[in-house]
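J.: The structure is given below, and queries will be raised subsequently.
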Amino acid sequence: MSDRGTLNVYARKAEEYLEVTREAATADPLLAAFIADLPDRSRVLDLGCGPGLCAAAMAAAGHEAIAMDAVPEMVALAAEHPGVNARIGTFDDIEGDGAYDGVWANFSLLHAPRADLPRHLAAIRRALKPGGLFHIALKTGTGEKRDDLGRYYAYYTSDELTALLEKAGFTVTGHSTGRDRGLDGALSDWVALRAHA
């Protein structure tokens, strides 16, 4: 993600975002299932980690948690969690071949331009070990727009996202939907897909 307006919103609201997401992250059944399905002592990337709550849960479960975000204020919050290796990086900084047992991209890649998502998915596929676990969650809809806070969003239907993952070489093994209130206070529908490399 390199959209300056979006990054600036998260920089200004880092502490508020931590509080808004704290309960959801700690009680997320999708996160619990993801962690449970990782091999022992896995190396996991929390991509677009925000304040690092999900990475903290992974570290607490005994995994090597790498938390990456493009917003320095978010990286600073993530670094406060025990066992979390927090670093600054954008979606273009995904690197390595077979470097991770799992990649968790929870409501982060929705800030990437639609034209860039196939490239990012291909990089994630390369970065995962064979059979590695991938979680992606995005808001559902069509097109691209900014929310009331000025954040850029790209929206996808469930079928569209499934097709993109399959084209990138993933096998989709799980599908969940829901509706939640975000940082802007608006209720939004979402889809989460679980896949293996």
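J.: Cα gyration tensor of the chain, axes a ≥ b ≥ c as square roots of the eigenvalues: rounded (a/c below 1.5), prolate (a/b > b/c) or oblate? Before the final figure, lay out each step's value.
T.: Details: a/c = 1.38, a/b = 1.08, b/c = 1.28.
Rounded.
J.: Report the residue, chosen from Gly89, Gly102, Gly178, that carries the largest GNM mean-square fluctuation when the chain is represented by alpha-carbon nodes joined by springs under 10 Å.
T.: Highest fluctuation among the options: Gly178.
J.: Then there is this: Taking the number of other C-beta atoms within 10 Å as the exposure measure, put Lys145, Lys139 in order starting with the fewest.
T.: Least to most surrounded, the residues fall as Lys145, Lys139.
J.: Still on this structure, please answer the following. I need the phi-derived Karplus couplings for segment 116-125: 6.51 cos²θ - 1.76 cosθ + 1.60, θ = phi - 60°, integer Hz, Gly and Pro marked x.
T.: 8, 4, x, 5, 5, 5, 5, 5, 5, 4
J.: Using alpha carbon centroids, what distance separates segment 126-148 and segment 57-97, in Å?
T.: About 17 Å separates the Cα centre of segment 126-148 from the one of segment 57-97.
J.: If packing is taken as the mean number of other Cβ atoms within 10 Å per residue, what is the order of 31-38, 67-74, highest first?
T.: Highest to lowest by the protection proxy: 67-74, 31-38.
Values quoted throughout were computed directly from the atomic coordinates according to the rules given, and no laboratory measurement underlies them. These numbers were taken from a predicted model, which means no experiment stands behind them. Virtual Cβ from ideal backbone geometry, glycine too; neighbours counted across all protein chains shown.
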